[in-house]
Amino acid sequence: MSKITLIHPISNPYARNAAFAIAEAALLNSIVTTFAYQPESIAKSWWGKAIKTVAPKLIVKLEKELGRRSWVVPKDSKIYGNSWREILRTFLVKTRLGKRFGIDDQFLIDWVVASCDRDFANHYFHNHHLQNIKAVYAYEDVAADTFLAAKKRSIYCFYDLQIAFHLTSRRIQNEEAELFPELAATMLAVQEPEWKIERKNREVELADHIFVASSFTERSLLDIGVPRSKITVIPYGAPIEYFQPHPKQDKLFRVMFAGQVGTRKGVHYLLQAWQELSLSESELLLVGVNQMPIDWLSKYDRVRLTGSVPHSCLNVYYSSANVFVFPSLVEGFGLVLLEAMACGIPIITTPNTGGPDIIIDGIEGFIIPIRDVEALKAKIAWCYSHPQELAKMGIAARKKAEQWTWERYRQKLAMIIKEKLE
């Protein structure tokens, strides 16, 4: 059977499950990444043993941080990593030395990602006996050079686009920058350099088949002339074993948002709707890193910002909410939607997310237009005044989340990959 190499700069739930799917189908040759952590590496190393003896709490924190970068692959599959750039990037960001030297965090990310792509295209095909692989599976921003090298060797190119194509994203965010010029600096797509845009265009052109997680992302490709036959929509999965419903511990009506607290996510519209509603005995809970201007949130009442929290703690926050609101302007899917649903929390979201692919409007939650403050107010007010109906909606949300599992995602992904390689 044909073998596949997957390329992704970090280990995240999407890439891990794609690699798992390919491995389950006995198709995984190797993974190419930046920093690949193997859990046993610290325990066996002399420095790991030394740290565990001298500072046992530090080793626990280190293993927890590195655990987010771990890959689980079969013994006959290999992991190739070129880690020094990612280690340097992490050091500069964590110590804030990068900002002190005038180096933007996004510049460092772009440097690491583009280098991962270039390293694979220029070196791995030759130096790691990958000449016999039949396909590569790569992601946005890490595929342009890889696909070009693959095409020269008649290797099939699978492309995983995790967010709407950049033309759609730029159009919407440019519109938003005109509506809210004071927030323009918070919109990444407005600021992307031309070289990065050219790479994105090349990736889509060279891809033989494209996987997306939502109909919205699919439409962004259809709009530029990509044939529908070249695209497969597979919604992501919910970790339903971990995210479970728990009894709410207080009587406060709580609306929750999770993600980057910024303009692309439509948080400014949620804040406006919340302020105008002025509900008693209520709270708007924003879980995530604030990307808005420093003084922006101070204008609003009954709003709590947690900042970044460990993913393992999100269950507690979801379970404290009555409804989860995700009014994103541009998304690829929005995994937080399924996480909230798995906790038995109804959702309010927009067509520009994976919401329409995973819920029925009015059953497990609501789909509202982007930028529609009045619609946000109406749905939040309904949730506030209909607690019994909202509870039933939460039960339906959990049942629907149980259908959208990572196992389902992997099975569908493996099936399509096999079909394309036959």
Alpha-carbon centroids, region 324-387 and region 186-224: separation in whole Å:
25
Take T146, T95 and order them by how many other Cβ atoms sit within 10 Å, fewest up front.
T95, T146
D372 versus S385, label points 7 Å from Cα toward the beta carbon: distance in nm?
1.8
Roughly speaking, what is the stretch gain from F180 to K399, that is 0.36 nm per residue apart minus the C-alpha to C-alpha distance, in nm to one decimal?
75.0 nm
A correct fewest-to-most ranking of M415, M292 by other Cβ atoms within 10 Å would be M415, M292
Past 30 Å, Cα to Cα: identify those pairs from K152/K196; K99/K377; K78/K152; K94/K152; K94/K248, in the order given.
K99/K377; K94/K152; K94/K248
Working from Cα positions, state the angle (0 to 90°, nearest 10) between the long axis of helix 387-403 and the longest principal axis of the chain.
10
Using only the Cα atoms of the chain, what do you get for the radius of gyration and for Dmax, in Å?
22.1, 65
Pull up the DSSP beta bridges for region 240-352 and report the antiparallel fraction as a percent, rounded to 5.
5
Least to most buried among S319, S214 (fewest other Cβ within 10 Å first)
S319, S214
With the Cα gyration tensor of region 331-412 giving a ≥ b ≥ c as the square roots of its eigenvalues, does the rule (a/c under 1.5 for rounded; else a/b larger than b/c for prolate; else oblate) give rounded, prolate or oblate?
oblate
Estimated [θ] at 222 nm from DSSP helical runs (n ≥ 4, -39500 (n - 2.57)) normalised by residues in the chain, nearest 500
-13500 deg cm²/dmol
Gain upon complete extension [V93, I197; 0.36 nm per residue less C-alpha separation]:
35.0 nm
What is the P(r) of region 265-422, as percent of Cα-Cα pairs per 10 Å bin from 0?
10, 37, 36, 11, 4, 1, 0
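Quick note: the coordinates plus some simple rules give every number you see, no bench work behind them. These numbers come from a predicted model, not from an experiment. Positions of Cβ are generated from backbone atoms using ideal geometry, with glycine treated the same way; all protein chains shown enter the neighbour counts.
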